[in-house]
Amino acid sequence: MTGLLTKDFRLLTQRKSTAVMFAGIALMLTFTMNASFVISYFSLVGCLMAMSTLSLDQFDNGMAFMFTLPVTKKLYTIEKYIFSFLWLLGFWFTACVLQFGVMIVQKTEFNFFSVALDDVMTLFFLSFVIFIMIPINLKFGADKGRIVMLIIFAIAIIFVFLGEKILTFATGAFGIDGMKFIVDTGNFIAGQPAYILALGTSGIFIAFALISLAISIHVMEKKEY
Amino acid sequence: MIKLENLQKNYKNFGLNLSLEVPSGAVIGLVGKNGAGKSTTIKAILGLIKPDGGTISVFGKDPKDFTCADKENIGVALSDSGFSLVLKTKDVVEILAGFYHDFDKETFIAKCEENGLAMDKTIKDYSTGMKAKLRVLTALSHKAKLLVLDEPTAGLDVLARGEILDLIRKYLEEDSERSILISSHISSDLEGLCDEIYMIDDGKLVLHEDTDVIMGKYGIIKVGTEEYEKLDKQYLIATKKEAFGYTCLTNEKQYYLDNYPNIVIENNDIDNMIILMLGGK
Amino acid sequence: MQIIINNSSMIPVYEQLMAQIKQEIISGSLAEGSALPSVRTFSNELKISALTVKKAYDKLEEEGFIVTVHGKGSYVAKTDRELAVEARRKAVEEDFLLAVSKAKTVGLSNDEIREIIDIILEEQ
């Protein structure tokens with residue numbers, strides 16, 4: 001694992017764009033009030049940068065040599081998740097710290113816990129980018145993977161905008177009010193005490209992580225170089 | 001170290017079926033045309049592709065069961081795959097240190113600098129020769145017992161090739177159990193290094209012979225058409241029609257030297273053998 | 001050892017190797033009991049396959065010129081002195097045979113031949 005982490009870390013820090021990104025975070029945070037957006041944006045950038053190590057690995061038939069090194073496919077896959085999270089955390093944490101720093105300097109009033117919670121939720125949602133992108137990138141390769149991501153994104157957007165109509169239509173056929181069900185469930189969840197919500201979110205996180213990891217490993221085991 | 005028994009791998013228009021052995025302490029050469037199956041064989045040995053039949057045993061194990069520790073004992077140089085081009089030499093140093101317990105950092109750095117691979121240089125800016133040197137130095141850097149080298153000297157001038165072969169020779173001297181499987185188009189490199197040669201064509205074994213037999217017992221006979229008719233053909237393995245008559249390959253040079261003192265007989269080499277055995281008739 | 005391989009020669013490399021090593025042993029420049037270079041070192045120096053050197057060493061051992069100790073290396077055999085003397089003796093006998101045949105062709109008698117030998121020995 002050390003070798004893989006060293007490699008990925010050095011792959012990214014070679015690029016001048018990494019330094020530019022960090023500078024960008026600091027800059028944007030001082031100028032915009034919508035810190036939450038900035039944190040999300042830069043965390044996403046961090047995510048995508050980490051994902052780019054996958055395409056760098058695959059470039060120029062590099063994966064053949066990769067697996068002649070002391071690496072197993074399982075180890076390679078797991079390292080990608082760990083590295084991606086570490087990189088994401090790096091960006092996210094820096095952005096959060098700067099966010100608080102800026103708020104303190106500008107003497108803005110803020111509730112630490114609610115801001116922190118917002119930030120943690122951002123991290124939570126961005127993890128899903130990793131959980132979805134790694135298996136896709138591994139199965140389809142970095143280039144085709146991008147197209148697949150776009151398609152998934154498009155489907156997601158369609159659901160967001162037309163979801164309500166589709167849901168009502170679909171469930172109406174069975175004589176159930178789908179929307180009411182969703183709203184009721186949402187209210188039910190929101191009404192739960194904090195620790196249950198925390199447990200629930202952690203549970204979903206872990207479940208998705210494991211499923212994503214299992215799929216990725218399965219994809220890698222079948223690959224030949 | 002390596003034992004292939006009827007290793008089979010099938011692609012759309014190609015089928016490999018090969019048996020091969022690399023004993024401990026031996027240097028084995030693999031020659032053949034492009035597409036003959038050399039890379040396929042090497043990839044199967046390294047566990048990069050799964051065979052369709054037959055058995056492969058490396059260090060007594062099936063490559064699909066390789067652990068990281070097993071792989072630390074194999075030094076690899078592939079012709080078409082290597083470290084990412086955006087990395088610098090010093091990155092490679094640290095990465096190798098992270099991968100191999102037995103990585104010899106000082107020697108690697110020293111050898112890189114001796115060979116013009118500056119620490120701050122990006123691989124993208126390397127010349128072809130430098131890339132080849134980096135690949136070979138990488139393979140030699142961690143005391144591996146088995147080296148698998150695919151075209152390690154491709155693209156290098158004769159002096160650079162000599163330097164790399166000397167590096168390999170020194171490596172072998174350090175530990176008499178180290179073995180090498182090397183594939184190459186540059187026959188002279190193999191002639192000065194390999195103990196045995198496997199020649200494959202279209203996925204099949206065409207010849208397996210000790211190098212010194214190939215160089216010493218085999219011979220090239222050049223005869224005019226008339227002489228050819230009178231020639232005892234029982235020890236001719238291959239024949240090629242020429243403008244002047246025929247070029248023939250024999251595995252009993254001495255027989256023809258003794259019985260035909262007036263015909264042209266030359267020493268054999270691997271290139272001539274390839275031309276005569278794998279070229280069209 | 002100063003071994004020079006002629007790549008253009010029709011004589012296989014391992015035979016050339018054997019001949020030159022034998023020569024060094026017989027002439028005494030390779031003393032008995034002295035170690036020969038390891039197969040790998042030698043093959044590296046000559047830039048030939050290790051197997052070629054091994055074949056030469058094996059054949060030399062068969063012929064009694066060297067002894068290989070497993071794990072330690074190859075050494076010039078101690079019985080070479082007799083062999084060398086034997087070989088030299090034979091060479092001298094052959095030279096004599098040639099000289100005697102020549103003498104006979106010229107017409108010298110056995111006594112005249114012995115006379116010549118005595119004169120030479122006295123001058124020594």
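B:Ile221 falls short on exactly one of the conditions (1) within 21 Å of B:Lys38 (Cβ to Cβ); (2) part of a strand (DSSP E or B); (3) among the hydrophobic types (A, V, I, L, M, F, W, C), and that condition is (1). When every residue of the range B:57-67 is checked against the conditions, at least one turns out to be open to solvent by less than 20 Å² (accessible area, probe 1.4 Å), within 26 Å of B:Leu134 (Cβ to Cβ) and part of a strand (DSSP E or B). Among the residues of the range A:1-46, the ones that are at pLDDT 85 or above and within 28 Å of B:Cys68 (Cβ to Cβ) come to 13 in all. Filtered by the rule that a residue be within 19 Å of the chain's Cα centre (by Cα), open to solvent by less than 60 Å² (accessible area, probe 1.4 Å) and either more than 12 Å from B:Ala36 (Cα to Cα) or among the basic types (Lys, Arg) (or both), the range B:4-21 gives B:Leu4, B:Leu7, B:Ser19, B:Leu20. Of the residues making up the range B:154-183, those that are touching a strand residue (DSSP E or B) at 6+ places or on another chain (Cβ under 9 Å) and away from chain C (no Cβ under 14 Å) number 2.
Among the residues in the range C:85-103, are any closer than 30 Å to B:Gly25 by Cβ and among the aromatic types (Phe, Trp, Tyr)? Looking for residues that are closer than 30 Å to B:Gly25 by Cβ and among the aromatic types (Phe, Trp, Tyr), one finds none in the range C:85-103, hence no.
Checking every residue in the range C:24-33 against the condition of being of a type in the set (S, T, N, Q) and within 16 Å of B:Glu173 (Cβ to Cβ) gives zero matches.
Got a number for residues in the range C:5-23 being more than 14 Å from chain B (Cβ to nearest Cβ) and either more than 17 Å from C:Glu63 (Cα to Cα) or in contact with a strand residue (DSSP E or B) (Cβ under 9 Å, 6 or more places away or on another chain) (or both)? Walk me through it before giving the result.
Going through the range C:5-23, the residues more than 14 Å from chain B (Cβ to nearest Cβ) turn out to be C:20-23.
Cutting the leftovers down to either more than 17 Å from C:Glu63 (Cα to Cα) or in contact with a strand residue (DSSP E or B) (Cβ under 9 Å, 6 or more places away or on another chain) (or both) gives us C:21.
The number of residues fulfilling the criteria is 1.
Mind checking whether some residue in the range C:35-54 is more than 14 Å from every other protein chain (Cβ to nearest Cβ), within 24 Å of C:Lys90 (Cβ to Cβ) and not small (Gly, Ala, Ser)? Even if it seems obvious, please write down each step before you answer.
The initial filter retains those residues of the range C:35-54 that are more than 14 Å from every other protein chain (Cβ to nearest Cβ), namely C:35-36.
Those left that are additionally within 24 Å of C:Lys90 (Cβ to Cβ): none.
The answer is no, given that none of the residues of the range C:35-54 is more than 14 Å from every other protein chain (Cβ to nearest Cβ), within 24 Å of C:Lys90 (Cβ to Cβ) and not small (Gly, Ala, Ser).
Per-residue answers, yes or no, for (1) in contact (Cβ under 8 Å) with a residue 24 or more places away in the chain; (2) on the phi > 0 side of the Ramachandran plot; (3) crowded, with 17+ Cβ neighbours inside 10 Å:
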| position | (1), (2), (3) |
| --- | --- |
| C:Ser9 | no, no, no |
| C:Gln16 | no, no, yes |
| C:Ser34 | yes, no, no |
| C:Ile48 | yes, no, yes |
| C:Tyr57 | no, no, yes |
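Yes/no matrix, rows are residues, columns are (1) touching a Cys at 6+ places or on another chain (Cβ under 8 Å); (2) more than 27 Å from B:Asp202 (Cβ to Cβ); (3) assigned to a loop (DSSP other than H, G, I, E, B); (4) of a type in the set (A, V, I, L, M, F, W, C):
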position	(1), (2), (3), (4)
B:Asp232	no, yes, yes, no
B:Thr247	no, no, no, no
B:Gln254	no, yes, no, no
B:Leu257	no, yes, no, yes
B:Asn262	no, yes, yes, no
B:Glu266	no, yes, no, no
B:Asn272	no, no, no, no
B:Ile275	no, no, no, yes
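Within the range B:45-72, the set of residues being closer than 18 Å to B:Glu177 by Cβ and either among the basic types (Lys, Arg) or within 9 Å of chain A (Cβ to nearest Cβ) (or both) comprises B:Lys61, B:Ala69, B:Asp70, B:Lys71, B:Glu72. Does B:Leu78 satisfy the criteria of being at the interface with chain A (Cβ under 10 Å from one of its Cβ atoms), closer than 18 Å to A:Asp57 by Cβ and free of Cβ contacts under 8 Å to residues at least 40 places away in the same chain? Judged against the criteria, B:Leu78 is not a match.
Of all the listed residues (A:Phe128, A:Phe93, A:Phe124), the sole one being more than 12 Å from the chain's Cα centre (by Cα) and within 29 Å of A:Ile206 (Cα to Cα) is A:Phe93. Residues that are without any contact (Cβ under 8 Å) to a residue 60 or more places away in the chain, under 30 Å from the mean Cα position of the chain (by Cα) and open to solvent by 70 Å² or more (accessible area, probe 1.4 Å) within the range B:254-281 comprise B:Gln254, B:Ile275, B:Lys281, listed in sequence order.
Can you confirm whether the range B:228-244 contains a residue that is in contact with a Pro (Cβ under 6 Å, 6 or more places away or on another chain) and either surrounded by 15 or more Cβ atoms within 10 Å (Cβ to Cβ) or of a type in the set (Val, Ile, Thr) (or both)? Show your work before the answer.
Narrowing the range B:228-244 to residues in contact with a Pro (Cβ under 6 Å, 6 or more places away or on another chain): none.
No; the residues of the range B:228-244 include none that is in contact with a Pro (Cβ under 6 Å, 6 or more places away or on another chain) and either surrounded by 15 or more Cβ atoms within 10 Å (Cβ to Cβ) or of a type in the set (Val, Ile, Thr) (or both).
Listed by position, the helices (runs of 4 or more DSSP H) inside the range B:88-188 whose residues that are open to solvent by 10 Å² or more (accessible area, probe 1.4 Å) and basic (Lys, Arg) number at least 3 are B:128-140, B:158-174. In the set (1) open to solvent by less than 50 Å² (accessible area, probe 1.4 Å); (2) in contact with a Ser or Thr (Cβ under 7 Å, 6 or more places away or on another chain); (3) part of a helix (DSSP H, G or I); (4) closer than 27 Å to B:Asp157 by Cβ, the condition left unmet by B:Ile214 is number (2).
In the range A:49-71, how many residues are open to solvent by less than 40 Å² (accessible area, probe 1.4 Å) and under 16 Å from A:Glu224 (Cβ atoms)? Before the answer, list the steps.
Of the residues in the range A:49-71, the ones open to solvent by less than 40 Å² (accessible area, probe 1.4 Å) are A:49-57, A:62-71.
Of the ones still in play, those that are also under 16 Å from A:Glu224 (Cβ atoms) are A:57, A:62-68, A:71.
Selection size over the range A:49-71: 9.
The values are calculated or read from the model by the stated rules, or taken from the named source; none is laboratory data. This structure is a prediction, so every number in the text was calculated from the model and none was measured. Glycine gets a Cβ as well: all are built from the backbone with ideal geometry, and neighbour counts include every protein chain shown. Only protein heavy atoms, including side chains, enter the accessible area calculation; ligands, DNA and RNA are left aside. Shrake-Rupley method; radii C 1.70, N 1.55, O 1.52, S 1.80 Å.
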